[in-house]
1. Starting from 0.36 nm per residue, how many nanometres of slack lie between Glu72 and Asp47 once their C-alpha separation is accounted for?
2. As a test of reading the structure, rank Met37, Met23 by solvent-accessible area (1.4 Å probe, protein chains only), most first.
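The values are calculated or read from the model by the stated rules, or taken from the named source; none is laboratory data. Note that the structure is a prediction, hence the values are computed from the model and not measured. Remember, those area values only see protein heavy atoms, side chains included, never the ligands or the DNA or RNA. Shrake-Rupley method; radii C 1.70, N 1.55, O 1.52, S 1.80 Å.
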Amino acid sequence: MTRSARATTGPDSPVTRREGAPMELVVDRERCIGAGMCALLAPELFDQDEADGRVLLLATATAAAHHPAAREAAHNCPAAAITLLGRAPAPEPDRRSGD
């Protein structure tokens with residue numbers, strides 16, 4: 001039994017950093033406590049195993065639109081069981097001022 005599961009985007013995938021590195025999601029099922037935050041925040045990427053409640057990696061991030069959800073799921077995982085490698089940079093803050 002593996003302790004982690006990896007999913008990477010393929011070379012033809014549109015999920016790449018500006019520098020061209022693919023996004024990779026890594027989940028550690030041994031570390032997972034089954035809180036379900038990942039499945040709630042990014043259901044297109046994560047689910048919970050019906051048998052033990054631990055994280056299941058459903059799919060690789062297949063569009064840049066999934067980057068924010070993947071980041072949010074990793075950030076909010078109470079067990080820190082999700083790691084993003086080669087992730088896209090965070091969106092730039094809105095620098096417009098209302099003053």
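1. 7.5 nm
2. Sorted by accessible area, descending: Met37, Met23.
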